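Chemist: Dropping the structure in here first, questions after.
The values are calculated or read from the model by the stated rules, or taken from the named source; none is laboratory data. Just so we're clear, the structure is a prediction, and the values are computed from it rather than from any experiment. Backbone-built Cβ (ideal geometry, glycine too); neighbour counts: all protein chains shown. Accessible surface areas use protein heavy atoms only, side chains included; no ligands, DNA or RNA. Shrake-Rupley method; radii C 1.70, N 1.55, O 1.52, S 1.80 Å.
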Protein chains: 2
Amino acid sequence: MKLPEFEAIIDAHQRIGKYIHNTPVLTSSAINRITGAELFFKCENLQKTGAFKFRGACNAIFSLSPKLASHGVGTHSSGNHAAALAHAASLRGITAHIVMPSNSPEIKKKAVEGYGGIITYCEPTLEARESTLQRIADSTGIEIIHPYNNIKVIAGQGTAAKELMESYPDLDLVICPVGGGGLLSGTALSVKSLSQKCRVIASEPAGADDAYRSFRAGYIIPSLHPKTIADGLLTSLGEINFAIIIRNVDDIITVTEESIIQAMRLIWERMKLIVEPSSAVPLAAILENKKLFSNQRIGIILSGGNLDLTNLPF
Amino acid sequence: MKLPEFEAIIDAHQRIGKYIHNTPVLTSSAINRITGAELFFKCENLQKTGAFKFRGACNAIFSLSPKLASHGVGTHSSGNHAAALAHAASLRGITAHIVMPSNSPEIKKKAVEGYGGIITYCEPTLEARESTLQRIADSTGIEIIHPYNNIKVIAGQGTAAKELMESYPDLDLVICPVGGGGLLSGTALSVKSLSQKCRVIASEPAGADDAYRSFRAGYIIPSLHPKTIADGLLTSLGEINFAIIIRNVDDIITVTEESIIQAMRLIWERMKLIVEPSSAVPLAAILENKKLFSNQRIGIILSGGNLDLTNLPF
């Protein structure tokens, strides 16, 4: 398996620079006081389509040859990757086929439709999602873009940490959430290439701790019956992602649901930023381990801000 | 009455630059599509203490001579000026006495306490607020800092539009909300000094339209029984503010409560920013008058993000 290197992230950044937001890095004296650390929040919730996923989707789609692109792209997803792929495809002027479980929230369906994606509904099982997508691919010739186990996607996600490190080169540590590992693997590649000393730590809900267990075991342990409010972090690690993570990540920490909600509320109230629960998982790790992180300069990737505003956990 | 000029805003910016955030200017393709205009949102909801008010409070407090400052400062307010003054005073290491109506929301009390302000409660009438504050001033010698009818406060508020115009010098129009007129008068001074062509328009809830009526009458008509969800815009215009507004503002537009809530929800959902209802009033004006604003490059000042997250209008 050939793993992507930092050069792929530099390429990606040049490719997608005109389509993405170089999102702001914000700070909060109040949260610094509470945690005893100095935090730098890279606001991917303010990215187009409301999540870092747009970076990877853009890089994957704009990397396709004209011939490959001409048939369109597709994925199965009920989350941020679906909206990101639909929007990136519309920018390239090609079709995006999105296979979604029939029980997906209305808000997610509307987002994909709003970006011009063509939705095909299926039964809410992984098997149905994969087979439905394959059937569409067989009949249309679309290029399937995996949400995280894809080197172009990984390189795109790594551009967020690249921007962060270029603005704040002397961070001691970068923390990001881990689900399938797309953001984490891209982040680790960027951070380790741009700094000698900066560590990379992932934070994961204890109720979906497959990455934590895989990292310790040294092989991928799939996510079985995950249960967490952080609905972006339910998936199992991809193989390419895991190979990068095991080489470049310093540690993975798990956090409780209570800490996630507490961290989310702090970000909403003190920073006036709408973040989805998955985005609050890194701050939750700091709140649970204040001594470990005290007085450090820490970059945090706020991964996204897509959630149902009428169903908040506070 | 001597009115402040743009030089006062340049001075203010130098004085407060190291204490304030130079807040980001964000854009949203989705909202641009919906409105047919090109909008640039100056995010004062991301300012320290969650509102532009910190700029004016900082300038007023750091303009005081050491002797005047030594006795501390004070104001009566149940809103963003109270928290801003308390925080700015703590930065200068002086006391802030805040007179608040006994029925102020818990969240506002906590904010002032959190910044180290000393609260004195009084009956919820303007008369009780003013007399209580005067009694404290008589016994302690504090300097009273009016929330908007104060040239140092106006100069401080004007720094937000100064930053906006310096980043986007070719705007056609800047829109901000109007309550007492502190933000509007400072904004108008900055915009008219930095651009020959850029117009300044204020937006005001129809249920609190004293500025609209005053602007048309040519004299101050006080706000009587105002009723709007935009609780930052209930106050009457100050005399200094009005004198600047009548000379420098091009128009004032009123908007409905429905438009305010619709605009607020758009900003939350599409931009992932927490803004209080008052901040949504300018976008509401654009939504209600799409033809008037189509194809224009418009700066909008998002004034603040302080509200009760458990009591949203949607």
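Chemist: Considering only region A:84-103, state which residues are open to solvent by less than 10 Å² (accessible area, probe 1.4 Å) and not in a strand (DSSP E or B).
Modeler: The answer is A:A84, A:L85, A:A86, A:A88, A:A89.
Chemist: Let me ask you something else. Could you tell me which residue of region A:130-158 is surrounded by the most Cβ atoms within 10 Å (Cβ to Cβ), considering only residues that are farther than 22 Å from A:T235 by Cα and of a type in the set (S, T, Y)? Spell out the reasoning first.
Modeler: Kept after step one, since they are farther than 22 Å from A:T235 by Cα, are these residues of region A:130-158: A:135-142.
Right, trim to of a type in the set (S, T, Y) and you get A:139-140.
Details: A:S139: 8, A:T140: 13.
Here the residue is A:T140.
Chemist: Consider region B:190-220. How many of its residues are within 19 Å of B:R297 (Cα to Cα) and open to solvent by 20 Å² or more (accessible area, probe 1.4 Å)? Write out each step before concluding.
Modeler: Kept after step one, since they are within 19 Å of B:R297 (Cα to Cα), are these residues of region B:190-220: B:190-203.
Then keep just the ones that are open to solvent by 20 Å² or more (accessible area, probe 1.4 Å); that gives B:192-194, B:196-197, B:199.
Of the residues in that region, 6 qualify.
Chemist: Further question on the same structure: When you go through A:A280, A:A285 one by one, which is the residue that is among the hydrophobic types (A, V, I, L, M, F, W, C) and either on the phi > 0 side of the Ramachandran plot or within 14 Å of chain B (Cβ to nearest Cβ) (or both)? Don't jump to the end; show me each part of the working.
Modeler: On the way: A:A285 fails: either on the phi > 0 side of the Ramachandran plot or within 14 Å of chain B (Cβ to nearest Cβ) (or both).
After ruling out the rest, the residue left standing is A:A280.
Chemist: To continue, here is another question. What number of residues in region B:241-284 are over 30 Å from B:P4 (Cβ atoms) and of a type in the set (S, T, Y)?
Modeler: The number of residues fulfilling the criteria is 2.
Chemist: How many of the residues in region B:64-83 are crowded, with 24+ Cβ neighbours inside 10 Å and assigned to a loop (DSSP other than H, G, I, E, B)? Lay out the reasoning, then the answer.
Modeler: Going residue by residue through region B:64-83, those that are crowded, with 24+ Cβ neighbours inside 10 Å are B:73-77, B:79-83.
Still in the list and also assigned to a loop (DSSP other than H, G, I, E, B): B:77, B:79.
So the answer is 2.
Chemist: A follow-up question, please. Taking the conditions exactly as written (within 22 Å of A:I261 (Cα to Cα), in contact with a Gly (Cβ under 8 Å, 6 or more places away or on another chain), assigned by TED's automatic domain parsing to the domain that holds A:N289 and among the β-branched types (V, I, T)), does A:T228 satisfy them or not?
Modeler: Working: within 22 Å of A:I261 (Cα to Cα): yes; in contact with a Gly (Cβ under 8 Å, 6 or more places away or on another chain): yes; assigned by TED's automatic domain parsing to the domain that holds A:N289: yes; among the β-branched types (V, I, T): yes.
It is true that A:T228 is within 22 Å of A:I261 (Cα to Cα), in contact with a Gly (Cβ under 8 Å, 6 or more places away or on another chain), assigned by TED's automatic domain parsing to the domain that holds A:N289 and among the β-branched types (V, I, T).
Chemist: For region B:53-63, give me each residue that is in contact with a strand residue (DSSP E or B) (Cβ under 9 Å, 6 or more places away or on another chain) and open to solvent by less than 20 Å² (accessible area, probe 1.4 Å). Give the derivation first.
Modeler: Here is the first cut: in region B:53-63, the residues in contact with a strand residue (DSSP E or B) (Cβ under 9 Å, 6 or more places away or on another chain) are B:53, B:57, B:60-61.
Once the filter is applied, which keeps residues that are in contact with a strand residue (DSSP E or B) (Cβ under 9 Å, 6 or more places away or on another chain) and open to solvent by less than 20 Å² (accessible area, probe 1.4 Å), region B:53-63 yields B:A57, B:A60, B:I61.
Chemist: For region B:1-63, list the helices (runs of 4 or more DSSP H) that sit wholly inside it and hold at least 2 residues that are farther than 24 Å from B:D172 by Cβ and either aromatic (F, W, Y) or touching a Phe, Trp or Tyr at 6+ places or on another chain (Cβ under 8 Å) (or both); which are they?
Modeler: Values: elements: B:6-16, B:29-35, B:53-63.
So the answer is B:6-16, B:53-63.
Chemist: Also: Name every residue in region B:85-103 that is touching a strand residue (DSSP E or B) at 6+ places or on another chain (Cβ under 8 Å) and away from chain A (no Cβ under 14 Å), in order of residue number.
Modeler: Selection gives B:L85, B:A89, B:I94, B:T95, B:A96, B:H97, B:I98, B:V99, B:M100, B:P101, B:S102.
Chemist: A further question on this structure: Which residues, counting only those in region A:253-277, are within 14 Å of another protein chain (Cβ to nearest Cβ) and not in a helix (DSSP H, G or I)?
Modeler: A:K272, A:L273, A:I274, A:V275, A:E276 - these are the residues of region A:253-277 that are within 14 Å of another protein chain (Cβ to nearest Cβ) and not in a helix (DSSP H, G or I).
Chemist: Are there any strands (runs of 3 or more DSSP E) wholly within region B:113-216 with 3 or more residues that are more than 22 Å from B:I61 (Cβ to Cβ), and if so which? I'd like the intermediate steps shown before the answer.
Modeler: Values: elements: B:118-122, B:173-177, B:199-205.
Hits in region B:113-216: B:173-177, B:199-205.
Chemist: Restricting to region A:36-47, give me the number of residues that are out of contact with any strand residue (DSSP E or B) (no Cβ under 6 Å at 6 or more places or on another chain) and buried (at least 24 other Cβ atoms within 10 Å of the Cβ). Give the steps one after another, and end with the answer.
Modeler: Quick first cut of region A:36-47, residues out of contact with any strand residue (DSSP E or B) (no Cβ under 6 Å at 6 or more places or on another chain) only: A:36, A:46-47.
Subset that is buried (at least 24 other Cβ atoms within 10 Å of the Cβ): A:46-47.
Here the count works out to 2.
Chemist: Another one. Out of B:E166, B:E127, I need the residue that is over 19 Å from B:I20 (Cβ atoms) and open to solvent by 60 Å² or more (accessible area, probe 1.4 Å). Which one? Walk me through how you get there before you give the answer.
Modeler: Numbers: B:E166 fails: over 19 Å from B:I20 (Cβ atoms).
Testing whether each residue is over 19 Å from B:I20 (Cβ atoms) and open to solvent by 60 Å² or more (accessible area, probe 1.4 Å) leaves just B:E127.
Chemist: While we're here: Within region A:250-261, how many residues are open to solvent by 10 Å² or more (accessible area, probe 1.4 Å) and touching a Ser or Thr at 6+ places or on another chain (Cβ under 9 Å)?
Modeler: Here is the first cut: in region A:250-261, the residues open to solvent by 10 Å² or more (accessible area, probe 1.4 Å) are A:250-251, A:253-254, A:256-259, A:261.
In the following step, the residues that additionally are touching a Ser or Thr at 6+ places or on another chain (Cβ under 9 Å) were identified as A:253-254, A:257.
So the answer is 3.
Chemist: Within region B:278-299, restricting attention to residues that are in contact (Cβ under 8 Å) with a residue 60 or more places away in the chain and in a loop (DSSP other than H, G, I, E, B), which residue is surrounded by the most Cβ atoms within 10 Å (Cβ to Cβ)?
Modeler: Here is the first cut: in region B:278-299, the residues in contact (Cβ under 8 Å) with a residue 60 or more places away in the chain are B:278-279, B:281-287, B:290, B:293-299.
In the following step, the residues that additionally are in a loop (DSSP other than H, G, I, E, B) were identified as B:294-296.
Details: B:S294: 12, B:N295: 8, B:Q296: 16.
Taking the candidates together, the pick is B:Q296.
Chemist: I'm checking my understanding of the structure. Among residues of region A:300-314 that are under 20 Å from A:A82 (Cβ atoms) and open to solvent by 50 Å² or more (accessible area, probe 1.4 Å), which one is modelled with the lowest pLDDT?
Modeler: Here the residue is A:N311.
Chemist: Could you grab me the full set of residues in region A:288-314 that are more than 14 Å from chain B (Cβ to nearest Cβ), more than 20 Å from the chain's Cα centre (by Cα) and among the hydrophobic types (A, V, I, L, M, F, W, C)?
Modeler: At the first step, the residues of region A:288-314 found to be more than 14 Å from chain B (Cβ to nearest Cβ) are A:288-301.
Still in the list and also more than 20 Å from the chain's Cα centre (by Cα): A:288-297.
Within region A:288-314, A:L292, A:F293 qualify.
Chemist: Can I ask one more? For B:Q262, only one of the following conditions fails: (1) polar (S, T, N, Q); (2) in contact (Cβ under 8 Å) with a residue 40 or more places away in the chain; (3) farther than 20 Å from B:F52 by Cα. What is its number?
Modeler: (2)
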